[in-house]
1. Filtering region A:406-415 down to residues that are more than 10 Å from chain B (Cβ to nearest Cβ) and free of Cβ contacts under 8 Å to residues at least 40 places away in the same chain, which residue is surrounded by the fewest Cβ atoms within 10 Å (Cβ to Cβ)?
2. Which fully enclosed helices (runs of 4 or more DSSP H) of region B:198-243 have 2 or more residues being in contact with a strand residue (DSSP E or B) (Cβ under 7 Å, 6 or more places away or on another chain) and either at pLDDT below 90 or under 22 Å from residue A:97 (Cα atoms) (or both)?
3. Among (1) buried (at least 22 other Cβ atoms within 10 Å of the Cβ); (2) within 11 Å of chain B (Cβ to nearest Cβ), there is one condition residue A:89 misses while meeting the rest; what is its number?
4. If you go through region B:141-155 one residue at a time, do you hit one that is free of Cβ contacts under 8 Å to residues at least 24 places away in the same chain, touching a helix residue (DSSP H, G or I) at 6+ places or on another chain (Cβ under 9 Å) and over 21 Å from residue B:91 (Cα atoms)?
5. Quick one: residue B:293 ticks every box in (1) modelled with pLDDT under 85; (2) within 12 Å of chain A (Cβ to nearest Cβ); (3) part of a helix (DSSP H, G or I) except a single one, so which number is it?
6. Would you pick out the residues in region A:424-437 that are under 24 Å from the mean Cα position of the chain (by Cα) and farther than 18 Å from residue A:110 by Cβ?
7. Out of all the residues in region A:445-467, which are touching a helix residue (DSSP H, G or I) at 6+ places or on another chain (Cβ under 7 Å) and away from chain B (no Cβ under 14 Å)?
8. Kindly indicate whether any position in region A:32-45 is within 14 Å of chain B (Cβ to nearest Cβ), over 25 Å from residue A:450 (Cβ atoms) and modelled with pLDDT of 90 or more.
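The values are calculated or read from the model by the stated rules, or taken from the named source; none is laboratory data. Being a predicted model, the structure only gives us computed values, none of them experimental. Counting neighbours? That spans all protein chains shown, and the Cβs are built from the backbone with ideal geometry, glycine included.
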């Protein structure tokens, strides 16, 4: 299910974690609870999109993020009274960035505390180590007031025991008291509804975390190539034209596994078959997919280090032009902009065609949420304050609160360049308080680094996302998946990589799938199917 | 008649051809070790453009030296603070660990000391079983050590392996020396302090190095037990810069003033964490073979 195969990028980590239950979830409980018929309609928070800031390119209609070509000149004030109650707010979450300077040396943190009206303390853990940290903290019963739920077994039972049931605060119209939480997309809430109870606030993602094929549009243009592919043969042609071994040029920075699967209509992880679920591992086109990938590899179109390097190497290869094609999520766009050496570099997106040329293919839609944060039972008395704090953190793009949260104070943490905020080095080091993994606004496409790119990304998303295939059980919970999923996925990725590189025959896939099924895959399918049934 | 040259050990000097072959062979082996290291140093000092053009790894910076990777890590004060914390943990931890290990090793090396065999068995058992993540955490919590540097220092202050090494060395001390000390009226404590330890400098140095490197490199205990990131040791802080190749910043934040490429930052981090150990190593290295071997053979 990961697309960079050998590498573990943060996004694949999170996507994986979401699938294995970092997010946990489902509309039904496990462990013998039969669920209240899965009637989530009455429980689900009402969705009330925020209309206070008008996006330059609205995305709601296409189920994609809003895009802004520049930061609104006079940001509106979204929150008038500080959410805090004066008592400390303690948060446990993870981070993907270097840790910030301590409070005494951190102007941003001090200002945050005064704007929140409570001293905020954060317990940060590097995201890759979060599951272990979370497991020990749960065992030691030392959960913070607000905690991001980690990948531990028995999430539903853990939540029943340790987390506040937020249903009475957030279900239906009750959520309107927290207007910026009501602005989170409906599907994102799936991850935190268990047995008809809401146990947390999701960190939304969705379309922005869909994987697509990026191109260096400037290189394609220079070589007179179309940034468009009509069928598999077209794709081979494109790769061939972009490969020049003597000059150390390889079309693909890494194996385009998902892109090829998209060409063959392989479903996004699972597909429904009546009341049962079928894994995409068992899809009949998998062997054809491998034939294509093996040919790409043996023809030398994939960078030789594709299976050994780290994720960031992709960006270096794409940035210095040694590979003009790379598969990554929509959210990675700015990071590719930042690693481009050539100022003329332009980024494009190629949509997958159907392999036989019978029309456009479908990409896989990213999971609606990457996780959720819950409130500790010990802090039940302060639940309204804590929700108000999360509401504060979810203030959307274009507001003063968002500007402060992401960019700190003007002149100190960011400078305004052409009307857009740009973080200074001080800002970069001080704002890293893990706020975006406590509660966050829906994603916004905003690319001030390069004029025109926000439109480009918005248009690419508009073209690809409305038809994208969703994972029918995204955000749902399967106990076996939490316990065995990571190992099973690692094994399948290993086989995938071996087959592509010709170390194993294509027929090895069938055996691997059999092993996957008996090793837990069938059980996972069964549990997800049950979760899906009771969510309806 | 020309006398054949003889090496210090009495071995005959090999012929010229053989020496050349050996020299080439050894040079190659050295190069295998040294070249990547030069690459690390060079990449950490190369300019961002050069790093990206070279595909991430620079062997020799040709466009001058660029310290931006180091500046970016050392600005903000978190890394310098973490250096102090790591220094404290390593110094205090190694001192405590050496005292405990030597005393335990001495007690276990004396035949006839109280509970000698059962105690030795307990130490050996701890080589076989690992307490596991959550039980360790609960113990630390029960002792009230959470969020304290002692939580990182104390749990690893006695390593069974090192106790065995030290004990073996003590067992090998000549009985005659200790017997004569006893006749002169020395107590067990005096024998340990004035005879045992001074005769065992080599093994103490080696075990000290083991502990020192262990404390310097450890991050996982800190990750679990220290919530306040201003108490984090260097390795854990540096870990947040390189978590599995995550490109920092770009996606989690908006536009930022140009940051150095991730590879330079990683290499600079490598330098920062390796240099202190490299500085200490030469002073202890001369004891190394002697200390470990003596312990091993006479065990």
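1. Top of the filtered list is A:411.
2. B:234-242
3. Exception for residue A:89: condition (2).
4. There is at least one residue in region B:141-155 that is free of Cβ contacts under 8 Å to residues at least 24 places away in the same chain, touching a helix residue (DSSP H, G or I) at 6+ places or on another chain (Cβ under 9 Å) and over 21 Å from residue B:91 (Cα atoms).
5. Residue B:293 satisfies all of (1) modelled with pLDDT under 85; (2) within 12 Å of chain A (Cβ to nearest Cβ); (3) part of a helix (DSSP H, G or I) except (2).
6. A:436, A:437
7. Hits for region A:445-467 are A:461, A:462, A:465, A:466.
8. no
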